[in-house]
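A.B. asks: Below is a structure I'd like to ask you about.
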Amino acid sequence: KRHQGIRRGKHIDLSDGSEYMIRNLETFITVAQLLNFGEAARSLNYSQSTVSEQIRSLEEELQTRLFERIGRKVFLTKQGETLLPYAKRLLKDAENLKVLFKSEDGIAGTIMIGAAESICTYWLPPLLKEYRRLYPNVQINIRVGCCVDFPQWLQNDLIDIAFSLRNDYREPQLQEQVLFEGQTVFIAAPDHELALMDKFELANLAEQTILMPEGYSGYPMDLKKLLEKEQIKISNILEFGSIETIKQCVKSGLGVSLLPEIAVEEEINRGELVKLNWLNPCIPIKGLVVYHREKWLSPQLVALNNLILTKLK
């Protein structure tokens with residue numbers, strides 16, 4: 001059956017000549033990435049005429065134009081841009097299925113995980129250790145990133161699953177499951193002037209240096225909004241890409257910070273950092289596991305989800 005164009009939620013029919021279709025999709029992805037038929041041919045070890053024929057055949061099958069050729073330049077059409085994430089997903093699924101049935105020890109394949117640094121460092125390791133013990137033939141790849149990027153990564157099939165601290169996603173195509181609920185704490189070095197105060201108030205931050213994680217969502221943004229609401233102007237804000245770097249800078253007395261409690265528990269218990277005595281409720285955090293609703297759940301992904309559900313009981 002042929003499709004008129006490419007519509008979201010539709011699936012390409014692989015019932016006839018599936019290997020041929022998969023090969024054409026692989027060629028399409030390569031051309032889409034390089035935007036050059038000659039370079040794609042060299043990358044795939046094909047002749048340029050073979051690449052052109054495979055793209056022409058795919059366009060005929062889908063009854064749509066995937067590329068525009070203007071002079072020597074190649075551009076993806078809107079239909080080509082729509083097809084690209086689905087094509088990547090189909091190839092990954094086909095590869096996973098082949099690995100699955102070749103394995104003599106059960107579930108195999110790959111999983112690409114996107115994770116916020118706090119979850120990746122302080123929550124995920126025990127889960128992944130148990131998963132590796134149960135499914136040693138699954139290759140786990142982790143991409144640490146900002147929570148605001150995860151919806152796009154999931155949409156483009158760059159990751160299979162996301163572990164996020166952001167709880168204000170509005171995208172209807174995302175499915176979420178709460179992993180844990182926690183809180184943030186203000187921290188400082190033991191000899192910092194704010195650590196010596198009996199009661200800490202937000203107004204005390206006005207003349208301080210605040211060390212914050214980079215990002216435009218989650219608890220760092222919640223703190224900025226709170227300071228703006230209270231009309232507290234901070235003299236100096238330093239943003240870092242690593243929580244571990246922030247902790248080391250706070251220990252050295254560079255400034256104070258607001259971090260998830262799970263990220264600083266050990267340092268507080270060892271006396272290397274001090275939790276400031278803020279009487280107001282701290283900014284909460286919520287750990288989430290996030291899927292794309294249209295994502296086909298491979299056996300290895302189902303196994304991970306089942307393990308997560310077991311941990312939540």
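A.B. asks: Label points 7 Å out from Cα along the Cβ direction at S57 and V144: separation in nm?
C.D. replies: 4.4
A.B. asks: Also: So, with +1 on the Cβ of K and R and -1 on the Cβ of D and E, and no other charges, what is the size of the charge dipole of the chain about its Cα centre, to the nearest 20 debye?
C.D. replies: In total the dipole reaches around 1040 debye.
A.B. asks: If I take every Cα pair under 8 Å that is 6 or more residues apart in the chain, average their sequence separation and divide by the length, what percent do I get for the relative contact order?
C.D. replies: The value is 19 percent.
A.B. asks: Quote to one decimal, in nm, the extra length available between I308 and W296 on full extension: 0.36 nm per residue of separation minus the C-alpha distance between them.
C.D. replies: 2.5 nm
A.B. asks: Shifting gears a bit: Treating the angle as unsigned and between 0 and 90°, give the value, to the nearest 10°, between the Cα long axis of helix 218-229 and the longest Cα principal axis of the chain.
C.D. replies: Helix 218-229 sits roughly 50 degrees off the main axis of the chain.
A.B. asks: Among K78/K286; K88/K247; K229/K286; K225/K275; K224/K275, which pairs are too far apart, with a Cα-Cα distance over 29 Å?
C.D. replies: From K78/K286; K88/K247; K229/K286; K225/K275; K224/K275, over 29 Å: K78/K286; K88/K247.
A.B. asks: Please work out the Cα center distance from region 202-253 to region 111-176, rounded to the nearest Å.
C.D. replies: Each part reduced to its Cα centre gives a spacing of 25 Å.
A.B. asks: I want to verify the translational diffusion coefficient of region 212-310 in µm²/s; compute it with Stokes-Einstein, Rh as the Kirkwood radius over Cα pairs, at 25 °C and 0.890 mPa s.
C.D. replies: 149
A.B. asks: Taking a quarter of the surface of the convex hull around the Cα atoms of region 186-259, what do you get in nm²?
C.D. replies: Value for region 186-259: 4.6 nm².
A.B. asks: Now a separate question. Divide by every residue of the chain the summed helix terms, -39500 (n - 2.57) for each DSSP H run of at least 4, and state the resulting mean residue ellipticity at 222 nm, rounded to the nearest 500 deg cm²/dmol.
C.D. replies: Dividing the helical sum by the residues of the chain leaves -13000 deg cm²/dmol.
A.B. asks: If you count, for each residue, the other Cβ atoms within 10 Å and average over each peptide, how do 110-123, 179-192, 44-57 line up from highest to lowest?
C.D. replies: On the way: 110-123: 21.2, 179-192: 18.1, 44-57: 15.4.
The densest-packed peptide leads the list: 110-123, 179-192, 44-57.
A.B. asks: Could you pull out every residue, at least 5 positions away or on a different chain, whose amide H is within less than 5 Å of the one on T209? Hs are placed 1.01 Å off N in the peptide plane, and Pro or chain starts have none.
C.D. replies: V256
A.B. asks: Counting only residues 5 or more places away or on other chains, whose amide H sits under 5 Å from the amide H of F200 once H atoms are built in the peptide plane?
C.D. replies: N277, W278, L279
A.B. asks: Which of rounded, prolate or oblate describes region 268-313 when judged by the alpha-carbon gyration tensor and an a/c cut-off of 1.5?
C.D. replies: Verdict is prolate for region 268-313.
A.B. asks: To the nearest 0.05, what FRET efficiency results for S43 and Q248 with a Förster distance of 41 Å applied to their C-beta separation?
C.D. replies: Between S43 and Q248 the formula returns 0.45.
A.B. asks: Can you run phi through the Karplus equation (6.51, -1.76, 1.60; θ = phi - 60°) for region 182-193 and list ³J(HN,Hα) in whole Hz, with x for Gly and Pro?
C.D. replies: Once θ is set to phi - 60°, the couplings for region 182-193 become x, 9, 9, 9, 7, 10, 8, 5, x, 9, 5, 4 Hz.
A.B. asks: Once you compute Rg and the Kirkwood Rh from C-alpha atoms, what is the Rg to Rh ratio for the chain?
C.D. replies: Taking Rg over the Kirkwood Rh, I get 1.09.
A.B. asks: Sticking with this structure for a sec: With unit charges on the beta carbon (Lys/Arg positive, Asp/Glu negative), name the residue among L301, L202, C146 whose Cα is farthest towards the positive pole of the charge dipole of the chain.
C.D. replies: L301
No value in this document is a laboratory result; all are computed from the given coordinates. Just so it is clear, the model here is predicted, and its values are computed rather than measured. Neighbour counts run over all protein chains shown; Cβ positions are idealised from the backbone, glycine included.
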